[in-house]
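The values are calculated or read from the model by the stated rules, or taken from the named source; none is laboratory data. As the structure is a prediction and not an experimental result, all values here were calculated from the model. So basically every Cβ, Gly included, is an ideal-geometry build from the backbone, and we count neighbours across all protein chains shown. Only protein heavy atoms, including side chains, enter the accessible area calculation; ligands, DNA and RNA are left aside. Shrake-Rupley method; radii C 1.70, N 1.55, O 1.52, S 1.80 Å.
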2 protein chains.
Amino acid sequence: MLTPWETPESIDYKETMEKFGIKEFNFNEFNDFHLFRRKIIFGHRDFERILEAIKKNDNFAVVSGMMPSGKMHFGHKMVVDILKFYQEFTDKIYIPIADLEAYWARNISFEKAKEIALNEYIINYLALGLDPEKVKIYLQSKNEKVKDLSLRLAKRTNFNEMKAIYGFTGETNIGHVFAPIVQVSDILNPEFDENLEPSPLPVVVPVGIDQDPHIRLTRDIAKRVKITPPSSTYHRFMRGLLGGKMSSSKPETAIFLTDSPEVVKKKIFRAKTGGRETLEEHKKYGGIPEECVIYELFLYHLILDDKELKEIYESCKRGELTCGKCKKIAYNKVVEFLKELKERRDEVLDKALELI
Amino acid sequence: MLTPWETPESIDYKETMEKFGIKEFNFNEFNDFHLFRRKIIFGHRDFERILEAIKKNDNFAVVSGMMPSGKMHFGHKMVVDILKFYQEFTDKIYIPIADLEAYWARNISFEKAKEIALNEYIINYLALGLDPEKVKIYLQSKNEKVKDLSLRLAKRTNFNEMKAIYGFTGETNIGHVFAPIVQVSDILNPEFDENLEPSPLPVVVPVGIDQDPHIRLTRDIAKRVKITPPSSTYHRFMRGLLGGKMSSSKPETAIFLTDSPEVVKKKIFRAKTGGRETLEEHKKYGGIPEECVIYELFLYHLILDDKELKEIYESCKRGELTCGKCKKIAYNKVVEFLKELKERRDEVLDKALELI
């Protein structure tokens with residue numbers, strides 16, 4: 001049976017999952033959370049440990065890094081929603097800002113990275129509802145423990161391994177080669193105490209499936225230093241507004257969290273839908289919500305009530321709901337959401353400045 | 001003219017010097033210092049900058065690292081003698097302890113490295129006369145500025161360059177590949193302020209000529225980040241007691257600064273000399289001090305008075321001074337020296353503990 005929240009990409013995901021031993025996410029304990037209920041988080045490794053920690057009210061940590069480049073869009077918001085889910089159960093939400101990687105791989109200065117992290121990401125993270133008491137946001141370049149851990153873990157891998165995973169060449173600068181080790185350290189950091197002695201703690205990393213090679217490296221290195229490999233969950237991605245990949249560097253593909261209503265209007269009205277060629281055909285054959293990025297906006301972000309979403313899905317399928325109407329619904333919801341978010345941003349500004 | 005302090009190795013050195021643009025050390029300003037006067041320090045790059053700083057009483061820095069493995073011997077003492085020369089003119093004598101490199105390349109734990117650095121090296125450094133107010137001894141692993149600098153400089157080199165200089169392979173652990181960058185940072189560190197902004201200061205690095213590839217990498221990276229490449233001086237090495245290389249890991253090749261008189265006696269009486277096969281031949285043809293490691297002990301360490309040294313040299317050449325007599329002189333001088341050093345070690349212990 002095709003559920004309203006299954007998309008054709010599922011099939012590709014399944015191949016990757018089988019190949020690398022990622023299990024299907026079939027836990028029903030958290031179905032209140034739409035990203036679980038709708039299988040947007042569809043895979044995991046060792047999530048049982050996290051589930052057990054939550055059930056027993058035990059300590060566990062979540063790690064979710066950010067790259068301080070570009071502007072924050074709805075794709076990023078989904079990760080914040082996941083972190084908000086976890087902060088109900090733990091105050092160990094680690095958010096490393098990858099300013100070292102930005103410096104090595106993208107030539108972004110440390111000053112610039114900090115500015116982007118603060119103004120574009122951290123303020124939005126708090127405005128979206130992350131609790132400043134529960135998140136541990138840090139710049140990689142300023143975290144002595146993470147840097148020291150990465151210097152130690154560097155002993156546990158070699159250039160051949162980095163080359164095989166990341167495609168580095170002999171010309172890649174050594175910093176860039178080192179960047180994944182810092183990221184491994186970000187993830188394993190909660191499993192070490194201040195003296196870099198192992199201090200067991202379940203850790204979960206919510207990532208897209210494209211990040212799995214990195215999770216595998218992290219797990220391999222964890223085993224080499226005899227600590228428990230971190231758990232991970234895998235979410236699918238909303239596509240870009242034009243149907244391809246959503247990208248900060250292509251503004252037409254994403255709605256940014258700071259877009260004005262005028263810009264939102266333009267972007268939504270250009271977005272790729274599942275509508276038919278003509279209005280007549282649409283009414284006759286019905287739309288294809290599975291191919292519609294507007295529908296994805298509802299599914300991931302704008303309509304959390306399943307009944308409401310199902311009505312839209314079926315109304316589209318029956319050809320009753322036209323793309324024009326549907327886009328108007330989406331536009332209104334996005335603009336309302338961004339308006340409230342903007343107000344929240346003003347409220348959290350001082351807190352955000354304190355965090356970094 | 002063959003001076004009493006020229007050895008056959010000079011010729012090899014000259015080839016290397018020409019190939020890589022190292023200049024002969026022909027400054028006569030510091031001939032009070034026997035290592036200069038006797039051309040044991042025989043080459044340099046850009047020493048003029050240091051000379052000028054000394055003459056103008058300007059600030060400059062000296063960097064001389066130590067690898068915390070094995071025991072300290074007379075070969076190491078020579079480097080301390082050089083640092084003692086410089087501390088008359090500057091209080092910026094940087095002594096990095098390469099505990100990161102020891103960890104990556106030799107699998108020595110940080111605890112062990114610190115213990116060796118303290119007990120074997122730092123105590124002897126102070127006992128030999130380094131002024132604790134003028135030396136800045138630090139563990140690489142604990143120096144945030146040097147670590148941060150190395151993370152930045154890592155952007156300025158790549159695996160191909162490291163491979164070409166150090167012979168690394170794809171199997172070399174990434175820490176080991178990173179180690180030379182930390183060493184580059186040790187050397188360039190005095191040229192940066194606490195915010196890692198360039199802050200011009202002449203720096204000199206006294207090394208053996210085998211370390212020149214590393215100096216060249218350092219100079220290249222300095223140019224890439226637009227700071228002045230450090231100056232360097234090149235010293236020759238005393239040979240091991242058996243005529244080959246002196247090595248901490250081969251106790252029979254070196255007199256350790258903590259050897260007992262009994263051990264010193266054994267080592268000296270087994271040492272390779274420039275004596276002839278038989279006493280008759282020795283008396284007839286004379287000895288060959290240029291081939292004698294006992295003579296090198298005098299030249300480098302035990303006889304600072306040129307006249308006294310020349311008498312020994314000529315007496316040996318004439319066949320009057322036999323190896324037995326000569327070894328006895330050396331033995332007495334070494335034992336006396338080590339006895340005094342031992343007393344000094346007890347005196348400086350507290351100071352040494354404060355430094356690290």
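If you go through the stretch A:36-72 one residue at a time, how many are in a loop (DSSP other than H, G, I, E, B) and open to solvent by 60 Å² or more (accessible area, probe 1.4 Å)? Don't jump to the end; show me each part of the working.
Pass one, the stretch A:36-72, residues in a loop (DSSP other than H, G, I, E, B): A:38-40, A:46, A:56-60, A:64-65, A:67-72.
Going one step further and asking which of them are open to solvent by 60 Å² or more (accessible area, probe 1.4 Å), we end up with A:39, A:56-59, A:71.
Residues meeting the conditions: 6.
Could you list, in sequence order, the residues of the stretch A:162-212 that are of a type in the set (S, T, N, Q) and modelled with pLDDT of 95 or more?
Going through the stretch A:162-212, the residues of a type in the set (S, T, N, Q) turn out to be A:169, A:172-173, A:183, A:185, A:189, A:195, A:199, A:211.
Answer for the stretch A:162-212, where residues must be of a type in the set (S, T, N, Q) and modelled with pLDDT of 95 or more: A:Thr169, A:Thr172, A:Asn173, A:Gln183, A:Ser185, A:Asn189, A:Asn195, A:Ser199.
If you check A:Ile227, A:Ile221, A:Ile181, which single one turns out to be open to solvent by less than 50 Å² (accessible area, probe 1.4 Å), of a type outside the set (Ser, Thr, Tyr) and touching a Phe, Trp or Tyr at 6+ places or on another chain (Cβ under 9 Å)?
A:Ile227
If you check every pair at least six apart or on different chains, which have Cβ atoms under 7 Å apart with a residue in the stretch B:323-352 that is closer than 14 Å to B:Arg270 by Cα first and a residue that is of a type in the set (S, T, N, Q) and surrounded by 12 or more Cβ atoms within 10 Å (Cβ to Cβ) second?
From residues that are closer than 14 Å to B:Arg270 by Cα, the pairs are B:Cys323/B:Thr273.
B:Glu120 fails exactly one of the following numbered conditions: (1) touching a residue at least 40 places away in the same chain (Cβ under 8 Å); (2) part of a helix (DSSP H, G or I); (3) more than 7 Å from every other protein chain (Cβ to nearest Cβ); (4) open to solvent by less than 20 Å² (accessible area, probe 1.4 Å). What is the number of that condition?
(4)
B:His282 is checked against (1) in contact with a Lys or Arg (Cβ under 6 Å, 6 or more places away or on another chain); (2) under 30 Å from B:Gln183 (Cα atoms) and fails just one. What number does that condition carry?
Here B:His282 clears every test but (2).
Would you say A:Ser248 is buried (at least 20 other Cβ atoms within 10 Å of the Cβ), outside any helix (DSSP H, G or I) and touching a Lys or Arg at 6+ places or on another chain (Cβ under 6 Å)?
No; evaluated as a whole, the condition is false for this residue.
Results for (1) free of Cβ contacts under 8 Å to residues at least 60 places away in the same chain; (2) under 19 Å from A:Arg106 (Cα atoms), shown as yes or no for each residue.
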residue: A:Leu126; (1), (2): no, no
residue: A:Glu133; (1), (2): yes, no
residue: A:Ser141; (1), (2): yes, yes
residue: A:Leu151; (1), (2): yes, no
residue: A:Ala154; (1), (2): yes, no
residue: A:Phe192; (1), (2): yes, no
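Out of B:Phe269, B:Phe256, B:Phe298, which single residue is open to solvent by 40 Å² or more (accessible area, probe 1.4 Å), within 26 Å of B:Glu340 (Cα to Cα) and among the hydrophobic types (A, V, I, L, M, F, W, C)?
Matching residue, one of B:Phe269, B:Phe256, B:Phe298: B:Phe269.
Of all residues in the stretch B:312-328, which are open to solvent by less than 60 Å² (accessible area, probe 1.4 Å) and more than 12 Å from B:Lys283 (Cβ to Cβ)?
The initial filter retains those residues of the stretch B:312-328 that are open to solvent by less than 60 Å² (accessible area, probe 1.4 Å), namely B:312-313, B:315-316, B:319, B:321-324, B:326-327.
The answer is B:Ile312, B:Tyr313, B:Gly324, B:Cys326, B:Lys327.
For B:Gly175, which of the numbered conditions (1) over 23 Å from the mean Cα position of the chain (by Cα); (2) open to solvent by 10 Å² or more (accessible area, probe 1.4 Å); (3) of a type in the set (Gly, Ala, Ser) fails to hold?
(2)
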